[in-house]
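For reference, the structure is listed below as structure tokens.
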Amino acid sequence: MKTEARLSALLACLLLTFGAPSAAEEHADLVRDAHAAAGRKDATAILQSARRLYGSLDWFSADGEAISRIKLMGADTTSSLAFSLRLGRPDRYLVSWGHQKTRVNGTQGTVDESGDEPEGAVWNAGAGPYNYARQFGAYARAQSDETARALATGISQGVANTIPSLFFGGPGKVADIEAARLEGTEAIDGEECWVVSGPSRVSEKETVWISTRRLVVRQYRRSAKPPAAVQPMPDLSDESIDEGLGAAGIDKTPENRAQWKAMMEMAKVMTKHGGGIDGTLTETYRNIRLHGAPAAADFEFHVPPGTSLRASLLGGAAAPPEPEPPLHATPQGEDARALLQRVLARYRALRSFRADGEIISSHRVFGNELTQRQGFSLRLGRPNLYRITWSDARRPAGPGDPTGGTADRAPDGALWNAGEGAFLYERMHATYAKAGDDRSALGVAAGVSAGLTRGVPPLFLQSEGRFTELTDPALEGTQAVQGEDCYVISASSREWAKHTLWISRERLLILSTDM
């Protein structure tokens, strides 16, 4: 009896197995329609068949690679990232990406190999939609699935939108191709594909490679150039601003409304002048599976330990500041303008100068405080000798020579002149180049050094820079900085409404600044 039962069960399994249609058989009508459309060179009908395929699926999974090649202002930058998609009904998904590599003008730049930890993810395993971004060190719950995937689109190089928009519906790249045309066929990883292309509302040309056997998207490419007739972005109403803030999970305060509007105005300018950008963004899909029995664990994402949960990825609660030393009354007989002149004269008289320090940049974005720390080192000498380095405080720089030192100890950036002219190094691009004359070099490096080269270096080397441009100085009192008694002088400049300096009373050197 037991043997007969086993045989019966085995027979039932075999019947179920042989009776179950394959992916190609199950969607044979769609494939047949697509081949008929290809015979008519009807690219739009091929796209419609592919959309219907994705809309009929209960499960989809794939891995792949996204490659961005952008040409802008003379630089040819290529970056790539690996990604993984798991999509299920009704609203289950996990899209993650990581292992980013960058090349500039053919030179290897930043390679982020963080093991199994991805750069970012968007997911819903049944407990609601969430976004994670390693660059922000945070994860946050989104207002809706659509909002979560929209927030992830840019930082995932588009992979959080392309296939999910086909699977779940709604606006998406492949679905937005206009005036589609069939260019022919081409094999992707040995699988023959129809090549369908056309413009869209955001791109001069979008191209999709659709399998002639399975109707799945094997590759998608978008030109970085905007369409010939770019539709101007409409002016924002108060209602649309509040709608955008609400979708991003941001409080609708006057400050946040103003920042949101400023961001949209910047986007309008970028759209208007996007013709200067060239290049492509390409997504290639592999290991595609259309059927299966997904479990809840397939859509779970394990946030790295220590990652903070925020109301929005755009920011979070700021850490409480350390108590400041008390500010003492202004010394009698001291004049702020005269003090500044003595400080400038002090730097002009120095033969050499060296200091290490830290730059703390705090920005309030949509009601949240974002803080970044950057370490720096200054070595200055006469007449025009200097070495200025800076690094993210989370990855301290070592003493290695940036032109050939150990990669994991090199600073994030450096500007130097050892007697053979000025040179600028950027770790992200893994390049260094001659930077013109010293004055130009200090100015160019200001943007990538968080303004470091606009402060003490030009004051020492050329008696200029932001400290020589201060107006209406006022002596606020004295206060200790690292145990050293300092004058506290506030002033304004063309860059900042208020600029505060802490100047050592004994040495007449600038120990700290705040802008």
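Among the candidates Ala430, Ala480, single out the residue that is over 24 Å from Ser362 (Cα atoms) and small (Gly, Ala, Ser). Can you show your working first?
Details: Ala480 fails: over 24 Å from Ser362 (Cα atoms).
Exactly one of Ala430, Ala480 is over 24 Å from Ser362 (Cα atoms) and small (Gly, Ala, Ser), namely Ala430.
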Legend entry - Given (1) under 25 Å from Gly381 (Cβ atoms); (2) surrounded by fewer than 21 Cβ atoms within 10 Å (Cβ to Cβ); (3) in contact (Cβ under 8 Å) with a residue 60 or more places away in the chain, index of the condition Arg466 fails: (3)
Inset, instruction - For Gly55, work out the one condition from (1) open to solvent by less than 40 Å² (accessible area, probe 1.4 Å); (2) at pLDDT 85 or above; (3) among the small types (Gly, Ala, Ser) it doesn't fulfil. - result: (1)
Inset, instruction - From (1) crowded, with 18+ Cβ neighbours inside 10 Å; (2) among the aliphatic types (A, V, I, L, M); (3) modelled with pLDDT of 90 or more, pick out the condition that doesn't hold for Ala150. - result: (3)
Legend entry - Number of positions in the range 132-147 that are open to solvent by less than 30 Å² (accessible area, probe 1.4 Å), closer than 16 Å to Leu309 by Cα and over 14 Å from the mean Cα position of the chain (by Cα): 2
Legend entry - Members of the range 190-230 found to be over 30 Å from the mean Cα position of the chain (by Cα) and outside any strand (DSSP E or B), listed by number: Gly190, Thr212, Arg213, Arg214, Leu215
Inset, instruction - Say whether the condition of being within 21 Å of Ile359 (Cα to Cα), within 31 Å of the chain's Cα centre (by Cα) and free of Cβ contacts under 8 Å to residues at least 40 places away in the same chain is met by at least one residue in the range 452-463. - result: yes
Inset, instruction - Take the range 477-515 and flag every residue that is more than 24 Å from Arg348 (Cα to Cα) and free of Cβ contacts under 8 Å to residues at least 40 places away in the same chain. - result: Gln482, Gly483, Trp496, Ala497, Lys498
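The values are calculated or read from the model by the stated rules, or taken from the named source; none is laboratory data. All values reported here derive from a predicted model rather than from experimental measurement. Cβ coordinates were reconstructed from backbone atoms using ideal geometry, including for glycine residues, and neighbour counts include every protein chain displayed. Keep in mind that these areas ignore ligands, DNA and RNA; they rest on the heavy atoms of the full protein, side chains included. Shrake-Rupley method; radii C 1.70, N 1.55, O 1.52, S 1.80 Å.
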